[in-house]
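The values are calculated or read from the model by the stated rules, or taken from the named source; none is laboratory data. Please read these numbers as outputs of a predicted model, since none were measured by experiment. Note: ideal-geometry Cβ built from the backbone for every residue, glycine included; neighbour counts use all protein chains shown.
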Amino acid sequence: MVEITCPHCSEDLELPDDAFGDFECPICEEEFVWGQQPVEVIYNLPKEKGITKLILNIVALWTGFSLLVTIGFIVGLILAFYFLLYVLGDLNGSFFA
């Protein structure tokens with residue numbers, strides 16, 4: 001419940017939390033307006049086709065867990081490459097110098 005003040009007689013009134021519209025004060029019997037009707041947001045996105053749909057699907061795959069797995073795989077490849085360079089450098093690091 002929400003407590004409001006009647007705009008006509010200044011008495012305290014209680015209304016439900018989600019109330020909106022025209023009300024009549026039970027004390028002075030004057031009408032007043034309270035609250036707003038909730039707005040419903042509708043997303044009407046166009047249907048994607050062809051290469052745009054493919055790109056959007058690829059981007060969607062790169063979110064969340066897939067992104068973490070991909071980053072882990074790339075880091076692993078980089079580390080394996082540096083390890084291979086180290087081994088090919090005769091185990092003394094001369095390949096990097």
If we keep only residues of the range 60-78 that are surrounded by 10 or more Cβ atoms within 10 Å (Cβ to Cβ) and of a type in the set (Gly, Ala, Ser), then the residue modelled with the highest pLDDT is Gly76
For Asn92, indicate whether it is at pLDDT below 90, under 36 Å from the mean Cα position of the chain (by Cα), not aliphatic (A, V, I, L, M) and not in a strand (DSSP E or B). no
Restricting attention to the range 16-59, the residues that are loosely packed, with under 11 Cβ neighbours inside 10 Å and in contact with a Leu (Cβ under 8 Å, 6 or more places away or on another chain) number exactly 1
